[in-house]
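Below is one structure, written out as structure tokens, with a few remarks after it.
The values are calculated or read from the model by the stated rules, or taken from the named source; none is laboratory data. These numbers come from a predicted model, not from an experiment. Heads up, the Cβs are rebuilt from the backbone with ideal geometry, glycines too, and the neighbour counts pull from every protein chain shown.
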Amino acid sequence: MQVVHTIAELRRHLARFDAPAFVPTMGNLHEGHLALVRQAQQLGDVTVASIFVNRLQFLPHEDFDTYPRTLDADCAQLEALGCDVVFAPSEQELYPEPQGFKVHPPAALADMLEGHFRPGFFTGVSTVVMKLFQIVFGQCKAGGHAVFGKKDYQQLMVIRQMVRQFALPVTIHGGEIVRTDDGLALSSRNGYLTPEERAEAVQLPRALQTLVAAVLGGEHNLAALEQQATDTLTRRGWQVDYLTVRRRADLHPPAPNGFLPGELVALGAARLGRTRLIDNWEF
């Protein structure tokens, strides 16, 4: 496995390949990330994972400085998996000057849900992903592949639209959520949880499952169901940003009495102590 730190070195290494398969990460890898790499290994003629904590997608009060950076352990996991290349640039390498040019996704998709509670987040994500795509796929001959986890559901939709509207030579693949035995979605931020908080954290996926079960059972008053789910977590000490049912196609609320199971996704984001968790459930 090659570990490269500069754009020039990565481009030289990838020049002999036709169709890279790429998994962008911020490191501190867990089994969810590794599942995305395994998926990528089935798609292209070289598998590339990046490890870069992207300052542009963190708000001033968020955890950029304390976000876990575990490059050596991450590389060991990727090498054991058979990943071909790890791109681990410094901030100076990826942003040698202030990033004045940015990709601003449309407000209709990016300013709700995560974008409402983390303003500017999707601009930061879109900008770094566009830059990484130019680096990894800029010289590919047959078109490349990129794999993103479905846990970041809205992010996946933003990236798909960006690729489509800019006609980038990249096929976007979604990787299914990997969960622990008790149902908690794997996340690098789970490591922030205390043992007591970790035991409580399963209440977020359970709240989403309760929403799903109610809709499948014929309940169509989504506002009431969402409020009940929010109240339940709030009573348990959570700070809820949203618990909601949306259309998969555009993440907008479904019309009352005008939706069918199979078209929907339940999404949630809530803070437990100092840790903000997100999750979703397609149904």
Task: Residue, surrounded by the most Cβ atoms within 10 Å (Cβ to Cβ), within the stretch 149-171, restricted to residues that are more than 20 Å from residue 19 (Cα to Cα) and touching a Phe, Trp or Tyr at 6+ places or on another chain (Cβ under 9 Å) - done: 158
TODO: Give 155, 228 a once-over and let me know the one that is in the same structural domain as residue 268 (by TED's automatic domain parsing) and either out of contact with any Leu (no Cβ under 6 Å at 6 or more places or on another chain) or not in a helix (DSSP H, G or I) (or both).
DONE: 228
Open item on the list: One residue is enough: does the stretch 174-184 have a residue meeting the conditions in a helix (DSSP H, G or I) and free of Cβ contacts under 8 Å to residues at least 24 places away in the same chain?
Closed with: no
Task: Odd one out for residue 220 among (1) touching a Pro at 6+ places or on another chain (Cβ under 8 Å); (2) assigned to a helix (DSSP H, G or I); (3) not basic (Lys, Arg) - done: (2)
Task: strands (runs of 3 or more DSSP E) contained entirely in the stretch 1-120, each with at least 2 residues that are touching a Lys or Arg at 6+ places or on another chain (Cβ under 9 Å) - done: 46-51
Task: Matching entry among 46, 4, 37, 23 (being over 19 Å from the mean Cα position of the chain (by Cα) and either within 19 Å of residue 174 (Cβ to Cβ) or buried (at least 21 other Cβ atoms within 10 Å of the Cβ) (or both)) - done: 46
Open item on the list: Just the residues that are buried (at least 20 other Cβ atoms within 10 Å of the Cβ) and within 16 Å of the chain's Cα centre (by Cα), please, taken from the stretch 53-84.
Closed with: 54, 57
- [ ] From 97, 93, grab the single residue that is farther than 30 Å from residue 247 by Cα, surrounded by fewer than 18 Cβ atoms within 10 Å (Cβ to Cβ), without any contact (Cβ under 8 Å) to a residue 24 or more places away in the chain and of a type in the set (Asp, Glu).
- [x] 97
- [ ] Would you check if residue 180 is buried (at least 17 other Cβ atoms within 10 Å of the Cβ), outside the structural domain of residue 51 (by TED's automatic domain parsing), over 25 Å from residue 43 (Cα atoms) and of a type in the set (Ser, Thr, Tyr)?
- [x] no
Open item on the list: On the basis of being of a type outside the set (Ser, Thr, Tyr), in the same structural domain as residue 165 (by TED's automatic domain parsing), closer than 21 Å to residue 144 by Cα and at pLDDT 95 or above, does residue 53 make the cut?
Closed with: no
